[in-house]
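> Dropping the structure in here first, questions after.
The values are calculated or read from the model by the stated rules, or taken from the named source; none is laboratory data. Source: prediction; values computed, not measured. Every residue, glycine as well, gets a Cβ built from its backbone with ideal geometry; the counts of neighbours run over all protein chains shown.
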Amino acid sequence: MSNGRSEKRILKTVSLEICLPAAPKLSEKLLTENVSAHGARVLMEQKLQPGLLVLVSSAGEGVWSQARIVYCQRVSKGKERFAVGLELAGRVESWAKPY
């Protein structure tokens with residue numbers, strides 16, 4: 001059964017910063033749950049609208065890319081936490097490898 005993904009996701013923790021172009025002071029630093037060459041899943045405290053364009057950066061990985069929010073799902077009932085799917089505009093080679 002297909003999950004609709006064109007690339008396999010791998011478990012990899014990467015430190016990212018997500019910035020909303022319309023509100024740059026609302027940036028959030030976070031960690032990925034999994035990644036692929038063109039995307040990532042992150043946990044955030046902000047709820048973001050699918051289709052929204054954001055800027056994603058990771059100094060440690062040498063990543064700076066525009067990304068589209070694919071989905072935003074609540075994952076906890078207490079403190080607000082959301083699982084957010086990011087589709088990157090460019091390919092990140094280091095995220096395509098499982099090591």
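> Pairs please, first residue from segment 73-99 and over 14 Å from Leu16 (Cα atoms), second anywhere and among the aromatic types (Phe, Trp, Tyr) and surrounded by 12 or more Cβ atoms within 10 Å (Cβ to Cβ), Cβ atoms under 7 Å, 6+ apart in sequence or on different chains.
As it stands, the answer is Gln73/Phe82; Arg74/Phe82; Val75/Phe82, since those pairs meet every condition given.
> Would you point out the residue of segment 40-54, among those that are modelled with pLDDT of 95 or more and not in a loop (DSSP other than H, G, I, E, B), that is surrounded by the most Cβ atoms within 10 Å (Cβ to Cβ)?
Top of the filtered list is Ala40.
> When you check Glu33 against the structure, is it in a loop (DSSP other than H, G, I, E, B), touching a residue at least 24 places away in the same chain (Cβ under 8 Å), of a type in the set (Asp, Glu) and in contact with a strand residue (DSSP E or B) (Cβ under 8 Å, 6 or more places away or on another chain), yes or no?
no
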